[in-house]
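This report concerns only the one structure given below.
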């Protein structure tokens, strides 16, 4: 895991937010933007797992409902040295999975009905290990922070748009208020910059979770095969409730489409992930 790279990218997102607030309303705008980020991060830290699970209609699966699934997750979490997470089922035929929760003690792993039917036991174990790797590496918290800061930047851009419509953006603010041209640039460039940084964070973390997950089950080939199957499934089977704001949480983006859209994906290309997995050689370490 490239901790330094991720820290720098999160810092970049925070600076985009703070300077966006300054461009919108001078020092007062900067303080407002920083306060907004704190509030959004607080809410997402404590309640994002419940919100996203409800968004996708996920229901908790007990050990009596699926003993084999619980056994597999338990074996992987023991290897990872983290507590057993709650397990949820998403009512979708698209093969996919994600992990959520603010830390390993408050984590959940969700799988779709489709992935349970499509993958064999080894492939499913590889996918579950990938998601548990996200929990172990605390990628969930990092992804949530990135998403909420990006959301705050988007809100600032909308505020700038309304300010321009109603005659805001004059440069006579004693606190260093924004110039109309600066506001226009912020409206256009800040959300794009935030999206690109968020994508970079997500892609870095996916490679790390692939490597950690493959090492946990000591079977990179099984996860590689699973990614190939999931990729085919996500391209042909839509997920009705899929949202761009939460696409980065899944092992593969649930949003169907390729071509130009793939350039803006929160996930690395499937072919590169598979190639990296198949280049791994024992002994596998985490």
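Quick note: the coordinates plus some simple rules give every number you see, no bench work behind them. Keep in mind it's a predicted model, so treat the numbers as computed, not measured. Using ideal geometry, Cβ is built from the backbone for each residue, glycine included, and neighbour counts are taken over all protein chains shown.
Label reach from residue 74 (point 7 Å along Cα→C-beta): in the stretch 111-137, no amide nitrogen lies under 16 Å. Note on residue 28 and residue 84: the extension gain reaches 15.7 nm, defined as 0.36 nm multiplied by sequence separation minus the Cα-Cα distance. Among 206, 105, a tally of other beta-carbon atoms within 10 Å of each Cβ gives an order, fewest to most, of 105, 206.
The ranking of 8, 40, 22 by Cβ neighbour count inside 10 Å, starting from the fewest, reads 8, 40, 22. Peptides 249-255, 80-86 ranked from most to least packed by the mean count of surrounding Cβ atoms within 10 Å: 249-255, 80-86.
The residues 203, 74, when put in order of fewest to most other Cβ atoms within 10 Å, stand as 74, 203. Between residue 113 and residue 54, the contour length at 0.36 nm per residue exceeds the alpha carbon distance by 19.6 nm. Ranked by the mean number of other Cβ atoms within 10 Å of their residues, highest first, the peptides 115-123, 58-66 fall in the order 115-123, 58-66.
Kindly state, to the nearest 0.05, the FRET efficiency for residue 42 paired with residue 240, given R0 = 22 Å and r defined as their beta-carbon distance. The calculated FRET efficiency here is 0.10.
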